[in-house]
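The values are calculated or read from the model by the stated rules, or taken from the named source; none is laboratory data. What you see is a predicted model; the values in this text were computed from it and never measured. Don't worry about glycine lacking a Cβ; one is built from the backbone with ideal geometry, like all the others, and counts go over all protein chains shown.
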Amino acid sequence: MTNGNSLGWNFLRGFAWAGLAFLVLPTLIAVPVSLTPKRYLSMPTGEVSMRHYINLFSSAEWMLSIGQSAIIAFFASLIATVLGTLCAIGLWRISSRVSEVIRGILLLPLIIPPIISAMAFYRIWVKLGLLDSYSGMIIAHAILAAPIVLITVSASLANFDLRLEQA
């Protein structure tokens, strides 16, 4: 390996470690802070307490919110998985210029800024009477998650051998 290649790999390795630290460090700070016995958030000094977790799980409001979030997440994930997989298989079978245009349209929820999507959902949901409803939240989250499924399944299908399907 030449010196230039080694330098490039070292830079890439350093960049990967920096990315990993960027993702992991907030958790390494949030967990100890959540164990403080004080009312306000701070690093625990000598004493560790489960006070914040006890308050969280004994609060009816928080448990209701967690339950609602779980229901919305489950059904939105289910719908996004089914729709994203079906779209990926359909686009994989077509494989023409038209499929690339359709793929671009289906990936728009990832490209459009979230605030624009939120405003669009709000206006449409008001007209359809879906505002502040489970179905409105589930549909909105499914629309936003389906492109991720589409990308993942399309990547898997790119390596799929058509002869296996015929066997």
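Structure summary
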{"read-out": "Residue ID - farthest from residue 56 (Cα to Cα), chosen from residues in the stretch 30-46 that are assigned to a loop (DSSP other than H, G, I, E, B) and of a type in the set (Val, Ile, Thr)", "value": "45"}
{"read-out": "Residue count, the stretch 124-150 (criterion: outside any loop (DSSP other than H, G, I, E, B) and surrounded by 15 or more Cβ atoms within 10 Å (Cβ to Cβ))", "value": "16"}
{"read-out": "Single residue of the stretch 69-116 satisfying the filter (in contact (Cβ under 8 Å) with a residue 60 or more places away in the chain and not aliphatic (A, V, I, L, M)) that is surrounded by the most Cβ atoms within 10 Å (Cβ to Cβ)", "value": "84"}
{"read-out": "Candidate set from the stretch 30-43 (those that are hydrophobic (A, V, I, L, M, F, W, C) and either at pLDDT below 85 or outside the structural domain of residue 54 (by TED's automatic domain parsing) (or both)); member that is nearest to the chain's Cα centre (by Cα)", "value": "41"}
{"read-out": "Count - residues of the stretch 99-123 that are under 19 Å from residue 153 (Cα atoms) and part of a helix (DSSP H, G or I)", "value": "12"}
{"read-out": "The stretch 116-132, residues that are at pLDDT 95 or above, under 22 Å from the mean Cα position of the chain (by Cα) and farther than 23 Å from residue 149 by Cβ", "value": "119, 122"}
{"read-out": "Pairs with Cβ under 9 Å, 6+ apart, first in the stretch 6-29 and within 28 Å of residue 43 (Cβ to Cβ) and not assigned by TED's automatic domain parsing to the domain that holds residue 43, second surrounded by 10 or more Cβ atoms within 10 Å (Cβ to Cβ) and of a type in the set (Val, Ile, Thr)", "value": "none"}
